[in-house]
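Any read-out appearing in this document is the output of simple, stated calculations on the displayed coordinates, not a laboratory observation. A quick note: this is a predicted structure, and the numbers were derived from the prediction, not measured. So basically every Cβ, Gly included, is an ideal-geometry build from the backbone, and we count neighbours across all protein chains shown.
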Amino acid sequence: MSKPLAVTNVGDSQTRSTKTDGIVIPNTLQEEIFRTVGEEHPILNDVFNFDVPGELSLLIEKSEEKQNKDLWTDETDETDDEKIGELEKLTLGACELPKGITITWKLKKMSIDKFINYIIKKLSEKIGDSLAYGFINGKGKPGVDDVHKPQPLGIITAINSEKDKPQVVTYSKDDNLEPLIRRTISKVSGKFAKGACIYANHDYIWNVLMDIKDKTGRAYFKTDYSTGGIGTIFGAIVKEEEAVPNDTMIFGNVNKCYAYNVNETISIEQEDNKKKRTTYYGAYMLCDGAPKTTKGFAILKKA
């Protein structure tokens, strides 16, 4: 069970109530925000949240050892030790994600239900956009010469940083994308392929993927909203994710291969400006994320 949502005045420990503001922020607001966030960004619904307070360290198998599958024995044989690959530690810390909206007091006079829905919608948009961007394009922790703030390490960032870029397939304007998409899908390790999906933005899906046809002129893309995405191509579910850059698609198993942890769940504070007759609602959370292995992802992008 998640912690109750904190709603306090900035610099004041007084709990808000209908007597002070004419509105009560319910404890279920946090769950409602995350539910709405998942509707806007499917990658956030697919990722597994460890939800562990504080720093989280995971042991990741960096490379797999080849196993001898022919080691059957009889009762006189000793059991050989199975080998494991090289291990490395993946540490998820606390990247700060503050988001806020300012509304007029006049707007606050709308009905309680409509006002709560308005707050949910606006905060969900802001939080969802930042989280999805971080999971896909985030720059990770800054190095000595970096100027960016601590943020999750994105899938595309991790893949592009690898030597020789083994998980990247590129194409040019006149290329036939059919074999290139198949090649992209084949780059994901077999044990991660089941459950993997294609993520691409609206423009790429409707103007690139839907235009790929076989020799008879039939489209490979099959629209089907019952799959959990908007359709399939070559058997892979396609999900519309606006955080993916233009001219790019990701194929990967986010649930198994991306580590995400909410260090501190969402809290919401509010601050009144009597002169301007506005109220600022600020949401704040601590979280982090990074790919556990790039072998669970591949990208196809325009060169």
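Amide H contacts for N263 (H built 1.01 Å from N in the peptide plane; partners 5 or more residues away or on another chain; cut-off under 5 Å): L286, C287, D288.
Between S172 and H202, the FRET efficiency estimated from the beta carbon spacing at R0 = 22 angstrom works out to 0.45.
Note on the range 224-267: Cα convex hull, mean projected area over all directions, 5.1 nm². In this structure, K121 and R277 have a Cβ-Cβ separation that, at R0 = 22 Å, corresponds to a calculated FRET efficiency of about 0.50. Here the range 283-303 and the range 86-119 have alpha carbon centers that stand 22 Å from each other. Applying 0.36 nm per residue to the separation of I212 and K292 and subtracting their alpha-carbon distance, the gain on full extension is 25.6 nm. What you get for the range 249-303, charging only the Cβ of Lys and Arg (+1) and of Asp and Glu (-1), is a dipole of about 380 debye around the Cα centre. With N counted as the residues of the range 180-303, its alpha-carbon radius of gyration over 2.2 N^0.38 Å works out to 1.42. Close amide H partners of K141, meaning residues 5 or more places away or on another chain with modelled amide H under 5 Å apart, are Q151. The charge dipole of the range 232-276, taken about the Cα centre with unit charges on the Cβ atoms of Lys, Arg (+1) and Asp, Glu (-1), comes to about 80 debye, rounded to the nearest 20.
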